[in-house]
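Worksheet: the structure to be examined is printed underneath.
Please treat every number below as a calculation from the coordinates, not as lab data. Just so it is clear, the model here is predicted, and its values are computed rather than measured. Here Cβ is always computed from backbone atoms with ideal geometry, including for glycine, and neighbour counts include all displayed protein chains.
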Amino acid sequence: GRAQRRRRYAGALSGRAAPVRASLLDCWRDYRAFKRLPAEPRRIVLFSESGQDWHHFEPIVAELCGRMGRTICYVSSDPADRGLHQQSERILPFCIGDGFFRILWFQTLDAGVMLTQLLDLGNFDLKRSVHPVHYVYMFHSLISTHMADHANSYDHYDTILCAGPHQAREIRRREELMGLPPKRLVPHGYARVEQLMRERRDPPPPHGRDDTHVLLAPSWGPNTILNRFGGELVELLMTAGYRLTLRPHFQTRWQTPEVIDRIAGRWREHPRFALVEDMAESDSLFDSHLMITDWSGAGMDYGLGLEKPVLYFDLPPKSRNDRWQELGIEPFEMRVRDSLGALLKPEQLADTPAVIDRLLAEPERFRADMQRLREEWIYNLGGSGRAAAEAVAAIADELDWPREVPA
């Protein structure tokens with residue numbers, strides 16, 4: 001039963017520096033348990049690729065299983081996913097791992113509607129089911145659809161929950177250019193910014209560099225801050241006298257751990273330096289005065305959610321679509337950088353302390369700017385969980401489910 005499955009997952013919840021994988025036997029057990037479910041609990045299925053998805057799913061699950069009284073299946077590849085450990089009779093948890101049983105589960109899924117943040121459905125090993133499942137995609141950041149992701153990353157979903165109007169405009173433009181059937185686009189919103197707004201606590205105003213807390217939170221990959229000049233930037237900030245927290249992307253720990261270890265080895269014992277590798281941790285976001293990043297979506301969350309400035313380094317964009325210009329729309333993550341703070345080229349690295357001091361000089365004006373930007377670019381502020389839950393439930397109720405079997 002579900003209690004036995006939760007006990008099997010429990011060991012994976014402890015802190016981890018590397019991904020924890022479910023055993024093949026456990027994946028088979030959960031795959032089989034899901035297949036044996038009666039039809040009604042399979043009306044609404046949520047699939048989570050990683051435990052990092054839970055803070056996006058949580059407000060939707062709370063609405064579906066709380067106020068709306070729905071029962072859902074929560075299926076994850078990650079045994080440490082907190083969605084598998086919720087103490088609710090209305091959440092049926094299953095962990096199918098990230099290997100053979102996940103591929104098989106996708107191919108044979110018999111359900112009404114699936115809500116997921118899994119990108120590129122149908123483009124690689126995870127395909128649409130042989131059964132007519134209705135697939136709903138939900139964004140996990142505010143970035144645009146047409147530069148950081150593949151050109152066809154969103155083509156194979158039936159419905160897309162859009163965080164803001166820019167995403168809806170980009171999807172419609174691609175449909176128009178490529179002659180694709182129109183998807184259902186739902187004005188959803190963005191739970192992460194709402195969470196930051198709700199939980200926000202401001203640090204004491206800084207009086208000098210020694211009590212100015214800088215958060216360095218770059219993206220991951222070869223052309224990002226840590227891989228290009230991370231050690232040099234940390235040296236500059238520490239020498240200038242700032243408090244510094246390094247918050248690398250979890251993919252950096254998995255792919256190029258040496259860049260983190262070199263910096264940590266040099267500064268770990270310094271009282272003004274801290275290293276945070278838990279992506280669910282929020283203290284460093286709340287307690288800092290300014291973020292430094294490159295193309296990370298976290299910069300938009302920080303600026304719009306906490307109304308604090310972001311210093312961007314202008315590195316080559318993360319692009320998996322070489323033809324993104326064909327849409328004729330400037331990507332949101334490119335357009336918004338100047339509005340969220342300041343933009344420096346790598347050769348201007350030495351100017352970083354002066355730019356930080358300037359950005360922190362007028363906090364009230366900056367907050368007013370962020371409030372205007374937020375209202376313009378994010379749907380349903382404060383109500384995204386309800387909007388998504390109601391959309392998913394409405395789709396599930398429209399479907400022929402349980403499906404009628406021909407005589």
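Would you mind ranking His188, His140, His131 by Cβ crowding within 10 Å, fewest neighbours first? Each step should come with its number before you reach the end.
Working: His188 26, His140 20, His131 12.
Ranking His188, His140, His131 by Cβ neighbours within 10 Å, fewest first, gives His131, His140, His188.
The value of relative contact order for the chain, using C-alpha pairs under 8 Å at least six residues apart, is 18 percent. The coefficient of translational diffusion for the chain, derived via Stokes-Einstein from the alpha carbon Kirkwood radius under 20 °C and 1.002 mPa s, stands at 95 µm²/s.
Expressed per residue, the C-alpha convex hull volume of the stretch 366-407 stands at 69 Å³. Length, then width, then depth: along the principal axes, the Cα atoms of the stretch 139-295 run 57, 34, 22 Å.
The stretch 342-356 and the stretch 164-193 have their alpha-carbon centroids 35 Å apart. Between the alpha-carbon centres of the stretch 210-262 and the stretch 109-162 there is a gap of 32 Å.
Take every pair of alpha-carbon atoms less than 8 Å apart whose residues are at least six positions apart; their mean separation over the length of the stretch 202-377 yields a relative contact order of 23 percent.
Quick note on the stretch 301-342: its Rg to Rh ratio, both from C-alpha atoms and Rh being the Kirkwood radius, is 1.03.
In summary, no lysines lie within cross-link reach of Lys308, defined as a Cα separation below 19 angstrom excluding same-chain residues under 8 places away.
May I ask you to sort Asp301, Asp351, Asp30, Asp210 by Cβ crowding, counting other Cβ atoms within 10 Å and putting the fewest first? Don't jump to the answer; show the numbers that get you there.
Working: Asp301 21, Asp351 14, Asp30 25, Asp210 11.
With the fewest neighbours first, Asp301, Asp351, Asp30, Asp210 line up as Asp210, Asp351, Asp301, Asp30.
Applying 1/(1 + (r/R0)^6) with R0 = 25 Å to the Cβ-Cβ distance of Lys35 and Ala280, what FRET efficiency is obtained, to the nearest 0.05?
0.20
A straight Cα-to-Cα reach below 30 Å connects Lys183 with the lysines Lys35, Lys127, Lys318, residues fewer than 8 places away in its own chain not being considered.
Considering only Cα atoms, the convex hull volume of the stretch 202-377 works out to 119 Å³ per residue.
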